Amino acid sequence: MPLLELSNICRTYKNGQIHIEALKDINLSIEEGDFISIMGPSGSGKSTLLNIIGCLDRPTSGTYTIAGNRVEKMSDNRLADIRNQLIGFVFQSFHLLPDLDARANVELPLIYRGMGGRERSRRAIQALESVGLGERVHHLPSQLSGGEQQRVAIARAIAGEPRVLLADEPTGALDSKTGENIMAIFEKLNREMGITIVQVTHEENIARYGHRIFRLKDGKIDRIEEVRNDKTMK
Ligand SMILES: Nc1ncnc2c1ncn2[C@@H]1O[C@H](COP(=O)(O)OP(=O)(O)O)[C@@H](O)[C@H]1O
Ligand SMILES: [Mg+2]
């Protein structure tokens, strides 16, 4: 069974008389260990699709199954539990709390899980080490570069050991070299820890770190492209 399976997913936004069909009949299967890039023009439904995959939003119709759980049958509380247990999020603009140092930012989601202080601290430091920030645990976000802040955000996303990492334009606020460094971390998390990754990007070279590229157009899957990964040959 695929880890994530979307069948006939539609999402319509209703504002008064106006209905916007952001997603139209999406069918997708994503296996555990996959690395997916979602591309498409602005307004094509990329963020809407990522939010549904991440259980931040529910489809208007269709069925979505995550790790064997049918999303449309779940209560909001159960959905929040699934999200907390299975999914880590990374955003374009990092979303770090400015008054907390790197370690405290990474610990935050673990506090919400009710984890004790020692275990939290251990996990946070381990996550920061795994993104190469073992020497920066007591830095505030303002004392870190953009790339380092995004690495803290990645550490925060993986500290809870999610099975899926979702990223909406994770390199969108970074220069191209720093963006490549972020992709090197994603590759490592995918390959060494087996984390399934789904990222939205508008940069072709960033998309090609994925194993497959889903190309959206007008709320539909226009094309699915397999990426021939020749990076390891270089
Ligand atoms: N909360 C919302 N209310 C109404 N329309 C929305 C909302 N969010 C997105 N949309 C519309 O849905 C479509 C897809 O949006 P989105 O998923 O954000 O696209 P993308 O991320 O590819 O730019 C767009 O037409 C957008 O205007
Ligand atoms: Mg978007």
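The values are calculated or read from the model by the stated rules, or taken from the named source; none is laboratory data. This one's a predicted model, so the numbers in the text were calculated from it and none came from an experiment. Cβ: placed from backbone, ideal geometry, glycine included. Neighbour counts: every protein chain shown.
Looking at ALA173 and the list (1) touching a helix residue (DSSP H, G or I) at 6+ places or on another chain (Cβ under 8 Å); (2) buried (at least 18 other Cβ atoms within 10 Å of the Cβ); (3) in contact (Cβ under 8 Å) with a residue 40 or more places away in the chain, which single condition is not satisfied?
(2)
Starting from residues that are within 16 Å of ligand 1 (Cβ to nearest atom) and β-branched (Val, Ile, Thr), keep the ones in region 47-75 and report whichever is nearest to GLU169 (Cα to Cα).
Top of the filtered list is THR48.
Does ILE125 satisfy being among the hydrophobic types (A, V, I, L, M, F, W, C), within 30 Å of LEU23 (Cα to Cα) and modelled with pLDDT of 95 or more?
no
Kindly indicate whether any position in region 59-67 is aliphatic (A, V, I, L, M), surrounded by 19 or more Cβ atoms within 10 Å (Cβ to Cβ) and at pLDDT 95 or above.
Scanning region 59-67 turns up at least one residue that is aliphatic (A, V, I, L, M), surrounded by 19 or more Cβ atoms within 10 Å (Cβ to Cβ) and at pLDDT 95 or above.
Tell me, which residue of region 189-204 that is touching a residue at least 12 places away in the same chain (Cβ under 8 Å) and away from ligand 2 (no atom under 16 Å from the Cβ) is nearest to the chain's Cα centre (by Cα)?
First, pick out the residues of region 189-204 that are touching a residue at least 12 places away in the same chain (Cβ under 8 Å): 189-190, 193-204.
Among the residues that remain, those that are also away from ligand 2 (no atom under 16 Å from the Cβ) are: 189-190, 193-197, 204.
On the way: LEU189: 12, ASN190: 12, MET193: 15, GLY194: 14, ILE195: 10, THR196: 9, ILE197: 6, GLU204: 18 Å.
My answer is ILE197.
Taking the residues in region 41-58 that are aliphatic (A, V, I, L, M) and buried (at least 22 other Cβ atoms within 10 Å of the Cβ) as candidates, determine which candidate is nearest to LEU3 (Cα to Cα).
That would be ILE53.
Can you go through ILE38, ILE9, ILE30, ILE87 and tell me which one is closer than 23 Å to GLU226 by Cα, away from ligand 1 (no atom under 16 Å from the Cβ) and either in contact (Cβ under 8 Å) with a residue 40 or more places away in the chain or surrounded by fewer than 16 Cβ atoms within 10 Å (Cβ to Cβ) (or both)?
ILE30
Output the residue which, of all residues in region 95-109 that are surrounded by 21 or more Cβ atoms within 10 Å (Cβ to Cβ) and among the hydrophobic types (A, V, I, L, M, F, W, C), is nearest to HIS138 (Cα to Cα).
Out of the qualifying residues, it is ALA102.
Could you list, in sequence order, all residues of region 5-27 that are within 16 Å of ligand 2 (Cβ to nearest atom) and within 11 Å of LEU49 (Cα to Cα)?
Hits for region 5-27 are ARG11, ALA22, LEU23, ILE26.
Which of the residues belonging to region 163-177 are within 16 Å of ligand 2 (Cβ to nearest atom) and assigned to a loop (DSSP other than H, G, I, E, B)?
Once the filter is applied, which keeps residues that are within 16 Å of ligand 2 (Cβ to nearest atom) and assigned to a loop (DSSP other than H, G, I, E, B), region 163-177 yields GLU169, PRO170, THR171, GLY172, ALA173.
Any residue in region 146-164 that is in contact (Cβ under 8 Å) with a residue 60 or more places away in the chain sitting within a Cβ distance under 6 Å of a residue that is polar (S, T, N, Q) and part of a helix (DSSP H, G or I)? List the pairs, counting only those 6 or more apart or interchain.
Qualifying pairs under 6 Å: ARG156/ASN105.
Only one of ILE66, ILE36, ILE111, ILE52 is away from ligand 2 (no atom under 16 Å from the Cβ) and touching a strand residue (DSSP E or B) at 6+ places or on another chain (Cβ under 9 Å). Can you tell me which?
The match here is ILE66.
Determine whether region 208-231 contains at least one residue that is touching a helix residue (DSSP H, G or I) at 6+ places or on another chain (Cβ under 7 Å) and not hydrophobic (A, V, I, L, M, F, W, C).
Yes; the residues of region 208-231 include at least one that is touching a helix residue (DSSP H, G or I) at 6+ places or on another chain (Cβ under 7 Å) and not hydrophobic (A, V, I, L, M, F, W, C).
Those residues that are of a type in the set (Gly, Ala, Ser) and at positive phi, I need them from region 40-66; list them, please.
Answer for region 40-66, where residues must be of a type in the set (Gly, Ala, Ser) and at positive phi: GLY40, GLY43, GLY45, GLY62.
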